[in-house]
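As structure tokens, the structure follows; a few thoughts come after it.
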Amino acid sequence: MFHSIEKKVSSAIRAHIQARYGVDLSVVVEQPKQSDLGEMAVPAAFQLAKQLRQAPKKIAAELVDEIGPIEGVARMEVAGNGYLNLRLDRGAYGAALLGGVEAEAGGGAGKVIVEHTNINPNKAAHIGHLRNATLGDTFVRMLRALGQRVEVQNYIDNTGVQVADVVVGFHYLEKKTAAEVQALIADPAVRFDFYCWDLYARISAYYGENPEARAWRAETLHAIEAGVGELAEMAHRVSDAIVEAHLATMLRLDVEYDVLPRESEILHLQFWASAFELLKQRKAIYLEIEGKNAGCWVMPGLSEEGKVIVRSDGTVTYVGKDIAYQLWKFGLLGKDFYYRPFLTYADGRTLWVTTDTPSESSARFGRGERVYNVIDARQSYLQDVVAAGLRGLGYEQQAEQSVHFSYEMVALSPRCCADLGIPLSEEDRKRPYVEVSGRKGLGVKADDLMDSLIAKALEEVASRHAEASAEEQKRVATQIAIGALRYFLLKFTRNAVIAFDLQEALSFEGETGPYVQYAAVRARNILRKLEERGEAIPDFRAELSGEALGRQLQSEDFWQVLLAASKADWAVERAVTAGEPAHVAKYAFQLAQAFNNFYHQYPILQEQDREKKVFLLWMTDFFRRQLERTAGILGIRVPDYM
């Protein structure tokens, strides 16, 4: 609602300035530093002062005198040396919220593609992958809340070095056949992604002790890229099984996807071959004939030596395949995948996976107008190479619309390591955080972390609600634990290193997921208690007229609280513009704080004045809906009780 009026104000002032002064000005609407100065402040007069060679205050006075009424605005006045301060019509504002008027969707017709998660399918997911998936999924929810059409992709690098290393471990260290690996996958007593976690650490250590064994990796990579033979078959079985495990892990976080593009099809369907020819034709790459990169195809300009796209042995680097993938995302490659269903989600939606086998499916993906790649900050250079590849091909606009949605790593607090039973040296105990390494087998598997959080939440739920069934307690504990995890991963800005802490995440006090959930549960409980006392929830629209709302909202406390609670769309829009889901997390916390203060200050159910009581109940219900909606955008469910 607030956001809708803000857009009307900006549009009306811009149109008047265009007509009055012949200037097309992008009108900015700010928030006054003090609440007593109104709800919006417009610095347009300062922006016009240089062009018109007039004092800002004089221009502001003209604007106030000449701009006609704006829907939702009670009055406009000059403040300071030329600000336009606007005060909203409180009664009309409350009536619009009561009537269910929503902000206009800001989405355009173009498709936005968000690629996230993309875990190498060689072992179990770890805590760093959870940050990627949670950031990407929340950003998707934010875009969709604003009416954007979003396609969610999870890229599967099933032909890369990491998969090759696990295959090397199975084939050369454990002497297993593809059939024996399949039997291991099918064994219900074996957690296959956990098994591969340990095997990957073993083969990494083996390479360190036996450098000559790296020749096995090269041989295996060639076999996988060719897609034939025992090693390729084993890689196919391993990666598919791990992908299924990853999807199950992410589903615990309520993370879902639309399509799984696979690297194998980029190779088998000649995506890379087409991109390679384009790059050569348009001289975006060149064949190096001397130095250490002799025989390699190199992209110039990114460093003194350029970036190798194709190695001298003919194998393409990761970034080369990523250029082909990015071209497909924008519909620039002239090729498409074939698709087959991979699984069906609980709501009936199909998750598709790419295939090189022709099918009758009408599924179509890609052809986006804007692309967000959620990849950690350590990959910034490679993402720059991808954008440079698009520019080298002449696709300047698409390069500008390629956004590296980067983030920093997730570490563990020493206290969290102790909670999880991870042994630490005396030196590590004194560090602010402890880094983890999947290659060394040191780290926290995502599922283990979620299990630990759920177990701790369950202890608290069981102690508070012993009368509930074990199944119900587990469901509530799971919602609290996952909410705590998602909020903790979201509340820090993307460029901050996170030191995850179990106890801090699960706290019911402070800036945490459970605190936000508890506020929503408390709002629900007030309405439930009203009914338990034999009173019906009022018909708010029938009992609260615009005049009644105007009377109640003369209270500055009520007005400021309602204003804060109505700014969800405003907060989400700004968070999308900034590319910071943390801003929505902060808004959710502030909303929960505002409701808790409101709850403690006003004895809602004891209020004797009928109009005021109905108003307070409506405010409670409005808070509940806004808390639930904002939590939903963060991917956090609100339990029945806490």
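What to note about this one:
- Pairs, first more than 11 Å from H126 (Cβ to Cβ) and acidic (D, E) in segment 427-450, second surrounded by 15 or more Cβ atoms within 10 Å (Cβ to Cβ) and modelled with pLDDT of 80 or more, C-beta under 8 Å, six or more apart: D428/P414; D428/C417; D428/V434; E435/M409; E435/A411
- Subset of segment 431-445 that is at pLDDT 85 or above and in a loop (DSSP other than H, G, I, E, B) - its residue that is surrounded by the fewest Cβ atoms within 10 Å (Cβ to Cβ): P432
- Considering segment 5-33, the residues that are of a type in the set (K, R) and in a helix (DSSP H, G or I) include one that is farthest from R75 (Cα to Cα), namely R20.
- Test result for V386, crowded, with 18+ Cβ neighbours inside 10 Å, modelled with pLDDT of 95 or more and more than 16 Å from S264 (Cβ to Cβ): yes
- In segment 205-243, residue nearest to F192 (Cα to Cα) [restricted to those that are free of Cβ contacts under 8 Å to residues at least 12 places away in the same chain and acidic (D, E)]: E209
- Among residues of segment 393-418 that are without any contact (Cβ under 8 Å) to a residue 40 or more places away in the chain, those with a beta-carbon under 6 Å from a residue that is of a type in the set (G, A, S) at least six positions away or on a different chain give the pairs A399/A387.
- Within segment 116-192, helices (runs of 4 or more DSSP H) holding 2 or more residues that are in contact (Cβ under 8 Å) with a residue 60 or more places away in the chain: 127-145, 161-168
- Wholly enclosed helices (runs of 4 or more DSSP H) of segment 470-541 bearing at least 2 residues buried (at least 16 other Cβ atoms within 10 Å of the Cβ), within 19 Å of the chain's Cα centre (by Cα) and at pLDDT 95 or above: 470-490, 513-532
- Here the condition is being β-branched (V, I, T) and modelled with pLDDT under 95; of I242, I224, it holds for I224 alone.
- The criterion of at least 3 residues that are without any contact (Cβ under 8 Å) to a residue 40 or more places away in the chain is met, among helices (runs of 4 or more DSSP H) falling completely within segment 256-336, by 271-281.
- Residue match in segment 398-412 (condition: touching a Lys or Arg at 6+ places or on another chain (Cβ under 7 Å) and assigned to a helix (DSSP H, G or I)): yes
- Some residue of segment 150-160 being hydroxyl-bearing (S, T, Y), more than 27 Å from the chain's Cα centre (by Cα) and in the same structural domain as E115 (by TED's automatic domain parsing): no
- Within segment 553-612, being among the small types (G, A, S), farther than 30 Å from V403 by Cβ and loosely packed, with under 15 Cβ neighbours inside 10 Å holds for one residue alone: S555.
The values are calculated or read from the model by the stated rules, or taken from the named source; none is laboratory data. As the structure is a computational prediction, the values presented were derived from the model and not from experiment. Note: ideal-geometry Cβ built from the backbone for every residue, glycine included; neighbour counts use all protein chains shown.
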